[in-house]
1. Could you tell me which of the residues 236, 175 is under 22 Å from residue 395 (Cβ atoms) and either in contact with a helix residue (DSSP H, G or I) (Cβ under 8 Å, 6 or more places away or on another chain) or within 11 Å of the ligand (Cβ to nearest atom) (or both)?
2. Identify, by number, the condition in (1) more than 21 Å from the chain's Cα centre (by Cα); (2) over 16 Å from residue 231 (Cα atoms) that residue 90 doesn't meet.
3. Going through the range 81-90 one residue at a time, which ones are surrounded by fewer than 22 Cβ atoms within 10 Å (Cβ to Cβ) and in contact with a strand residue (DSSP E or B) (Cβ under 9 Å, 6 or more places away or on another chain)?
4. Is it true that some residue in the range 252-270 is within 16 Å of the ligand (Cβ to nearest atom) and within 19 Å of residue 50 (Cβ to Cβ)?
5. Just to verify a result, which residue in the range 118-153, among those that are within 14 Å of the ligand (Cβ to nearest atom) and part of a loop (DSSP other than H, G, I, E, B), is surrounded by the fewest Cβ atoms within 10 Å (Cβ to Cβ)?
6. Output the residue which, of all residues in the range 385-397 that are at pLDDT 95 or above and over 20 Å from the mean Cα position of the chain (by Cα), is farthest from the ligand (Cβ to nearest atom).
7. I'd like to know if the range 88-102 contains one or more residues that are farther than 30 Å from residue 383 by Cβ, free of Cβ contacts under 8 Å to residues at least 60 places away in the same chain and touching a helix residue (DSSP H, G or I) at 6+ places or on another chain (Cβ under 6 Å).
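The values are calculated or read from the model by the stated rules, or taken from the named source; none is laboratory data. All values reported here derive from a predicted model rather than from experimental measurement. Virtual Cβ from ideal backbone geometry, glycine too; neighbours counted across all protein chains shown.
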Ligand code: G6P
């Protein structure tokens, strides 16, 4: 029991015996939990990503020294070098952040095995963790019940656990062996946006650090370091110059009831996250699929009650995604293409972003999807910050 008076907090246990408690001061900026003129927290949180991402990167990415590293991992250089297997664990948006980052870890660290697991599945499986594994536990709130259960099980098996957490002082943050806070600030809206961006960035820094320890080629590392450093400005550019045009496109699709998001490679997890964001706040039934799976089922769904979001990246898979798009067009689909390419694209609507990033452009495309989902949900008059039936922190199964 805590009896709070103007000048004191008096703590007692159930037998009314006085308790002493260690007081920890949590730095809280009141402006961070106000809407600051925005209609919804969700829009505010999308718009503040350049700033929150800078906090994630601050002191951790130093392009002038070709260096990126996280403090607080509590791993020696030898322990870092010896890591052969990484398992990334999370739920919801944190799971998709882990999935996107897993592609970067694989690109960065030759020979590294990376698994990404949904916490509620992993905890009931008889899974095996090889020697020299490290578990990366992702959570915005640091309180998700399934993620916490996995953390405890993995620790019980003697595997090192590292947290990538937003909420300072949360249970998962206190129980991991080491890790980092992403410093995205309080996220009020149930649908997670800025935490996703910061989690992917933090995991990418981890990947660079691991690659540095293992001696990956400096050229690849420098590209990642430069792109990480440039990411906040690139997101800022898109938010500033394209917010209104994204709104215009989104509002044209606000009356549909079904949507399919497609992407290949790093854009596959982005497609899954785009579908999740849309369904959470707009209640449009949305699925995310790997582009190559189109012919294995979802193509059957294409009709006039459906729209498709096709994510296309200006890379070696661009033409493959264009073929998927053509297949949907041939069946009379309604495709919104979101791309960083300047090449000709035949779709009902095209949202082009202007970015110099190559490796990390999926993170920018995801920001476009966040705005797209927001404007559709707002046009439908939904309570976008508090979607029906959902909770911000899922602390029970
Ligand atoms: C809930 C929230 C999601 C979040 C997920 C995982 O479902 O509504 O936005 O992604 O939990 O939460 P965590 O705090 O562990 O990242």
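1. Being under 22 Å from residue 395 (Cβ atoms) and either in contact with a helix residue (DSSP H, G or I) (Cβ under 8 Å, 6 or more places away or on another chain) or within 11 Å of the ligand (Cβ to nearest atom) (or both) holds for just one of 236, 175, which is 175.
2. The failed condition is (1).
3. Of everything in the range 81-90, those that are surrounded by fewer than 22 Cβ atoms within 10 Å (Cβ to Cβ) and in contact with a strand residue (DSSP E or B) (Cβ under 9 Å, 6 or more places away or on another chain) turn out to be 83, 84, 85.
4. yes
5. 143
6. 388
7. Within the range 88-102, none of the residues are farther than 30 Å from residue 383 by Cβ, free of Cβ contacts under 8 Å to residues at least 60 places away in the same chain and touching a helix residue (DSSP H, G or I) at 6+ places or on another chain (Cβ under 6 Å).
Conditions (1) touching a strand residue (DSSP E or B) at 6+ places or on another chain (Cβ under 7 Å); (2) at pLDDT 90 or above, marked per residue:
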residue: 10; (1), (2): yes, yes
residue: 36; (1), (2): no, no
residue: 43; (1), (2): no, yes
residue: 50; (1), (2): no, yes
residue: 64; (1), (2): no, yes
